[in-house]
Amino acid sequence: MTIAWYESLARLERSVRFGPPRWGGRGGAGLLLVTVLLVAAPLRSEDGHDAWLRYASIDDAAAQRRFDTLPAVVVALGDSPVIKTAQQELIRGVRGMLGRTLRAETSLPNESAIVLGTFNAVREALPEVGWETGLTPDGYRLKGARARGRTFLLIAAAHERGVLYGTFAVLRKIALRQSVAALDESSQPSAPLRWVNQWDNLDGTIERGYGGRSIFFEGGRVAEDLGRVRDFARLLASVGINGCAINNVNADSRLLTEPYLPQLARIAEAFRPWGVRLAISVDLSSPKTAGGLDTFDPLDTRVAQWWNDKVDQIYAAIPDFGGFVMKADSEGRAGPSAYGRTHADAANVIARALKPHGGVVFYRAFVYDNHLDWRNPKNDRARAAYENFHPLDGRFEENAIVQIKNGPIDFQVREPVSPLLGALEKTNEAIELQISQEYTGQQRHLCFLVPMWKEVLDFDMHARGAGTPVKDLVAGRIFHQPTGGIVGVANVGRDANWLGSHLAMANLYGFGRLASDPSLTARQIAEEWTRLTFGADPRVVSALVDMQLQSWRTYENYTGPLGAGTLTDILGSHYGPGIESSERNGWGQWHRADQQGIGMDRTLETGTGFISQYRAAVARVYASLRTCPDDLLLFMHHVPYTFVLHSGKTVIQHIYDSHYEGAEETQQWVREWRSLEGRIDEQRFAAVLARLEYQAGHARVWRDAICNWFLRQSGVPDAKGRAGHFPDRVEAESMKLDGYRSVDVTPWGTASGGKAVECESPARPCTASFRYQGKPGWRDLGIEYFDQSNGASRFRVYVNDQVVDEWVADDDLPARQPNGSSSTRRTIAALALRPDDIIRIEGTPDGDEKAPLDYVEVKIH
Ligand code: GCV
């Protein structure tokens, strides 16, 4: 007997609680016993649909008492649908959290009341309460007041949307158990335009979406059921988002054709009660592709007329339409260059059409040549946005906004702030952030991005001397622009929890909160979100907040170090490691690592000159090796591996250390999360645990791929002896194989030893076995295998003749080959092993997935 009875029980228990149903499992008696042990699950299961708007009951009596004086009536003044929404939301929230049902009224009753209304309406109803009304449209004021011998909680704003935002603020306070008895505060969003962009396609897929199919489209049409669209608008409104562009910036012109207008109007209707304006992405070629003209030249009067007519039509159907987002001359999209026109020409023809209706056009600065000659060391994609748009400063209409990605490349795990953000003085600008974790783990990895966004928004561009942080520039405050904004690429989908991951929702929440109030700290946001999403248990809050705050750095640690970019497969899914994919092609995401050193020289003197796009005070810091921060060193400079960082480490040792530290941190999170068992409902506990365990395995894949690659390139050994040494591993290709054959994996670093084994015949199972030669004792077995998206192979693990684990490799990872995106780990914990035990893995192929296996790692438990 190789497994102690309690271990087999523990494993069975785990499979019942956390795993999918296993095929060919063991007897029912064990299951029954485990079920009996588990019945005392006190917390209601949650699927994440309610996100941070759960309004969970406040069951702590002392906290409940804080709200004893809350009036029993909520009055909505006026007949605005948005204010009515606010009233209903307040009733819903108070009922959920405090168990009381507020009475809805439309005029002041003879008792204390919560009053919702515009400043004008409140002033009229309660003239004796003084108001200062100098707030922008989306700002709100919360005030506790005594009048006529009664108590009022006033939630008022210049505009109905502000009233809704104020209402969500009050609900948030209640959920966070803060008294709302004597409020006297106002809040005003920093930037006027706070939008999300969805990259949904009409067929229901989502570009860079990791949370299921589109909630907006299916089968080439707007979806029939818009229930989730309404719920999404509610989530957006709760964090102050006032616009949403619903389709891919790689836009399909059909959306501008007549059959789609009534369909779009349905979405606008679903958004409207929540104060979210509908917008769409459009292609510059639409006058030709959708309108039948023989040109889309923005300076052609027929084209201008086409846009005017189209926009008039849209506004006739959707009077509160927000406007357009445009990607032009980028990654194969049509653009003004086709006619020798400028981006300002392109933006303006559309802006002029929108202006009479109050609409705006966000024109994306993500314009670059993806066929750059990589052999020319002076070429640099990072320079593109500035070079394209800075010369046009002052030439855009006042309702055109240049939408600039936070960094000069493309949402990498770390980039400097785009210099264009500090360079436009006479043009509206918006910053584009990516909530969808395209380059930061695709929501399978915990990576809380708010600390990154904070750094970006707080970064002083020295645009007019010191004191010009990005957050003020994009709000239009520094150069007194008419408008400006913060845009987030959200890409929620039909998965119950919206983003495919419960924890990733903190990024959506954090984006909205920061867009409204960039003075919040990352910790405040993480704490708020955690308490709203998982409750007030201090252990849960403290553990989860720490994990979140650490997670960006951790992800950076095991992926792309020192500003070299996410060292991922840039030609494919942007997910697993793929260091060489950046090089020797025209995409320009180069890190220039070779045998001597790494990094892009972007100095003016010897490099691409990118650094000189910053204002002098910033450029000086980046230009000098002495002052350039370690985090961005390789973005700005090419240095030898032996270069010594400010930290005192060499670059190469930093690469090794950070990757080992990052991977270790993810393992620590698994332990942390496990320690919260019973404090979180089972459903979300299990879902998060599965993701964290996966991440801990995948972080190791990253660590090994990067460390091995740099070890081979640099020839400099890891001072701590870890890189390239895996004494606990048994490579699959060195095992006794029956039906399996050895294959080379590409890129080589993504499989241990560069090789894996695959079944030769799809028709029958194959086995790989080895003799355990270590000391007797409790061991953890890590089985590294590949889970491709084109099959669901089965694995079964035996010790001698006893099955110790089995599973189906049916995850939907972004790879159809064995590589760093499909590499996955299964851990079998606490096996009692003795010398000469035979460990045998049986793989049964399925479809094009040939039960690929990399290695087995045997570690002391
Ligand atoms: C919508 C990156 C992404 C693309 C995206 C593009 C953009 O290149 O990989 O999927 O296209 O950015 O922001 O336009």
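The values are calculated or read from the model by the stated rules, or taken from the named source; none is laboratory data. All values reported here derive from a predicted model rather than from experimental measurement. Note: ideal-geometry Cβ built from the backbone for every residue, glycine included; neighbour counts use all protein chains shown. Calculation scope for accessible area: heavy atoms of the full protein, side chains included, ligands and nucleic acids excluded. Shrake-Rupley method; radii C 1.70, N 1.55, O 1.52, S 1.80 Å.
Summary table
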| quantity | calculated |
| --- | --- |
| Which listed residue, of T136, T167, is open to solvent by 40 Å² or more (accessible area, probe 1.4 Å), more than 16 Å from the ligand (Cβ to nearest atom), closer than 23 Å to S80 by Cβ and not in a strand (DSSP E or B) | T136 |
| Qualifying residues in segment 472-491 (those that are part of a loop (DSSP other than H, G, I, E, B) and touching a strand residue (DSSP E or B) at 6+ places or on another chain (Cβ under 7 Å)) - the one surrounded by the most Cβ atoms within 10 Å (Cβ to Cβ) | A490 |
| Test: P845 is at pLDDT below 95 and surrounded by 15 or more Cβ atoms within 10 Å (Cβ to Cβ) | no |
| So R221, is it more than 16 Å from the ligand (Cβ to nearest atom), of a type in the set (K, R) and open to solvent by less than 20 Å² (accessible area, probe 1.4 Å) | no |
| Where a residue in segment 640-660 is in contact (Cβ under 8 Å) with a residue 60 or more places away in the chain and its partner, wherever it lies, is open to solvent by less than 70 Å² (accessible area, probe 1.4 Å) and among the polar types (S, T, N, Q), with Cβ under 8 Å and at least six apart | Y641/T650; Y641/S714; T642/T650; I652/S714; S658/N557; H659/N557 |
| Search result, residues across segment 300-342 that are closer than 19 Å to P391 by Cα and assigned to a loop (DSSP other than H, G, I, E, B) | K327, A328, D329, S330, G335, G340, R341, T342 |
| L293, sole failed condition from (1) of a type in the set (A, V, I, L, M); (2) in a loop (DSSP other than H, G, I, E, B); (3) within 16 Å of the ligand (Cβ to nearest atom) | (3) |
| Complete set of residues in segment 807-839 that are more than 27 Å from the chain's Cα centre (by Cα) and surrounded by 19 or more Cβ atoms within 10 Å (Cβ to Cβ) | W807, I828, L831, L833, D837, I839 |
| Every residue from segment 413-433 that is open to solvent by 10 Å² or more (accessible area, probe 1.4 Å) and within 15 Å of the ligand (Cβ to nearest atom) | E415 |
| One residue from A430, A400 being of a type in the set (G, A, S) and touching a residue at least 60 places away in the same chain (Cβ under 8 Å) | A430 |
| Among the residues listed as A334, A347, A365, the single one being within 22 Å of E207 (Cβ to Cβ) and out of contact with any helix residue (DSSP H, G or I) (no Cβ under 6 Å at 6 or more places or on another chain) | A334 |
| First in segment 478-501 and farther than 17 Å from G512 by Cα, second anywhere and within 16 Å of the ligand (Cβ to nearest atom) and open to solvent by 40 Å² or more (accessible area, probe 1.4 Å), Cβ under 6 Å, 6 or more apart | G500/Y210 |
| Enumeration of residues in segment 322-349 that are among the hydrophobic types (A, V, I, L, M, F, W, C) and more than 17 Å from E397 (Cβ to Cβ) | A334, A338 |
| Qualifying strands (runs of 3 or more DSSP E) (wholly inside segment 755-818; at least 3 residues being touching a helix residue (DSSP H, G or I) at 6+ places or on another chain (Cβ under 7 Å) and more than 15 Å from G847 (Cβ to Cβ)) | 755-759 |
| Criterion: in contact (Cβ under 8 Å) with a residue 24 or more places away in the chain, more than 16 Å from the ligand (Cβ to nearest atom), within 30 Å of K288 (Cα to Cα) and buried (at least 23 other Cβ atoms within 10 Å of the Cβ) - qualifying residue of I215, I241 | I215 |
| Selection from segment 390-407 of residues that are more than 13 Å from the ligand (Cβ to nearest atom) and either touching a Cys at 6+ places or on another chain (Cβ under 8 Å) or in a loop (DSSP other than H, G, I, E, B) (or both) | D393, G394, R395, F396, E397, E398, N399 |
| Evaluation of G512 against (1) crowded, with 24+ Cβ neighbours inside 10 Å; (2) in a loop (DSSP other than H, G, I, E, B); (3) out of contact with any Phe, Trp or Tyr (no Cβ under 9 Å at 6 or more places or on another chain) (one fails), failing number | (2) |
| Only one of Q595, Q548 that is of a type in the set (S, T, N, Q) and within 22 Å of the chain's Cα centre (by Cα) | Q548 |
| Residue ID - farthest from L255 (Cα to Cα), chosen from residues in segment 345-376 that are in a helix (DSSP H, G or I) and in contact with a strand residue (DSSP E or B) (Cβ under 8 Å, 6 or more places away or on another chain) | N348 |
| Residue tally, condition within 16 Å of the ligand (Cβ to nearest atom) and either farther than 14 Å from F217 by Cα or touching a Gly at 6+ places or on another chain (Cβ under 7 Å) (or both), over segment 245-268 | 3 |
| Positions within segment 331-369 being under 19 Å from A245 (Cα atoms), within 16 Å of the ligand (Cβ to nearest atom) and open to solvent by 10 Å² or more (accessible area, probe 1.4 Å), in sequence order | R333, F366 |
| Any hit, segment 70-86, residues being free of Cβ contacts under 8 Å to residues at least 40 places away in the same chain and more than 25 Å from N110 (Cβ to Cβ) | no |
